[in-house]
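To start, the structure itself, in structure tokens.
Each value in this text was obtained by applying a stated rule to the coordinates, not by laboratory testing. These figures come from a predicted structure and were not determined experimentally. All Cβ positions, even for glycine, are placed from backbone atoms using ideal geometry, and neighbour counts span all protein chains on display.
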């Protein structure tokens with residue numbers, strides 16, 4: 001019976017390939033889209049469409065709708081995750097190459113670890129963990145430093161600042177999902193957060209005046225395809241593969257997307273997006289990824305009491321980029 005319950009190897013490989021390649025490629029799709037559509041508006045359109053589609057599909061399957069209290073929690077969680085994180089990423093990609101954006105967002109485990117040490121106090125600062133946190137920060141410094149000459153130019157400081165705020169927003173939002181009452185169905189929780197996040201992003205877009213002068217008919221087919229890809233492949237297909245994987249593989253294996261996605265994004269940005277890869281990019285990326293790997297695989301130095309650690313979804317509940 002145990003053998004019969006094991007999924008076929010090709011299904012596992014296909015699911016891993018999906019979260020590796022699709023989530024890694026969403027950064028380039030975002031960059032393509034924000035060249036023609038205002039960033040907060042594009043993000044709002046993405047998550048409104050994905051959230052409505054997921055919510056309608058789950059309700060058709062009989063999944064209960066969130067309660068009033070759960071909708072309220074989803075709204076509070078959507079502020080750091082969607083307004084700060086996704087809004088920051090979409091806005092920054094007008095200033096920062098897509099590959100470097102992915103590398104900067106790979107620092108999320110660094111901020112998650114810091115929050116566990118300082119805020120939750122569910123993790124103790126060890127020499128190994130402290131060294132890996134410092135390594136990650138050094139990687140970011142290499143990417144943005146204007147005092148160190150490594151060959152290629154540093155990235156835009158304002159864009160880099162927005163990405164750091166975005167990474168912190170994701171970490172804070174992840175902490176909130178552990179504390180706030182959300183739907184027991186992970187898929188419905190994600191759908192509700194995306195739907196509310198899409199509404200909030202659209203309202204912010206309107207408040208920032210992004211609707212002024214924007215004409216839908218002027219948007220090219222390439223940008224519409226990028227949006228469709230973000231909604232369909234990035235927010236629905238890859239998330240479905242992710243949820244399936246976490247029920248069949250260990251969290252450690254599934255979590256490898258965190259350091260595969262940036263590599264995929266950098267390579268796609270280079271080959272398809274015309275983005276440069278110089279010594280600065282290589283060194284900064286290497287430092288960040290080594291830091292992420294060490295933090296991810298490091299055992300908890302202190303037992304977690306009274307806290308349930310949810311598996312963070314990159315992009316959806318959440319985090320599909």
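So, in Å, what gap is there between the alpha-carbon centers of segment 213-250 and segment 1-72?
Between the Cα centres of segment 213-250 and segment 1-72 lies a distance of 7 Å.
Hey, can you rank 233-239, 51-57, 207-213 by average C-beta count inside 10 Å, highest first?
Numbers: 233-239: 23.9, 51-57: 18.1, 207-213: 11.4.
Top of the packing list down: 233-239, 51-57, 207-213.
To the nearest Å, what is the center-to-center distance of segment 79-158 and segment 169-212, using C-alpha atoms only?
21 Å
First check a/c for segment 30-116, with a ≥ b ≥ c the square roots of the eigenvalues of its C-alpha gyration tensor; if it is under 1.5, answer rounded, and if not, answer prolate when a/b is larger than b/c or oblate otherwise. Mind dumping the intermediate values first?
On the way: a/c = 2.43, a/b = 1.41, b/c = 1.72.
Taking the square roots of the gyration eigenvalues as a ≥ b ≥ c, segment 30-116 is oblate.
At a 10 Å Cβ-Cβ cut-off, how would you order 219, 196, 32, fewest neighbours first? Show your work: numbers first, answer last.
On the way: 219 16, 196 25, 32 21.
Ordered by Cβ neighbours within 10 Å, fewest first: 219, 32, 196.
For segment 48-163, what does the alpha-carbon gyration tensor say about shape, rounded, prolate or oblate, given a ≥ b ≥ c as the root eigenvalues, a/c under 1.5 as rounded, and a/b over b/c as prolate? Write down the numbers at each step before the final one.
Working: a/c = 3.10, a/b = 1.58, b/c = 1.96.
It comes out oblate by the Cα gyration axes.
Which order do 115, 291 fall in if you start with the one that has the fewest other Cβ atoms within 10 Å?
Listed from fewest to most nearby Cβ atoms, that is 115, 291.
Calculate, axis by axis, the spread of Cα positions in the chain along the three principal axes, and write the results as whole Å, longest axis first.
Result, largest extent first: 57, 55, 40 Å.
Quick one: which of 15-26, 135-146 comes out on top by average Cβ neighbours within 10 Å, and what's the full order, highest first? Intermediate values should be presented prior to the final figure.
Details: 15-26: 22.2, 135-146: 18.8.
Averaged packing, sorted descending, gives the order 15-26, 135-146.
Show me 163-172, 281-290 ranked by packing, highest mean number of other Cβ atoms within 10 Å first. Write out the running numbers ahead of the final one.
Details: 163-172: 23.1, 281-290: 20.4.
Going from most to least packed, we get 163-172, 281-290.
Of 93, 116, 70, how do they rank once you tally other Cβ atoms within 10 Å and put the fewest first?
On the way: 93 26, 116 23, 70 19.
Final ranking by Cβ density, sparse to dense: 70, 116, 93.
What distance in nm separates the two pseudo spin-label positions at residue 8 and residue 165, each 7 Å out from Cα along the beta-carbon direction?
If labels sit at residue 8 and residue 165, their model points lie 4.9 nm apart.
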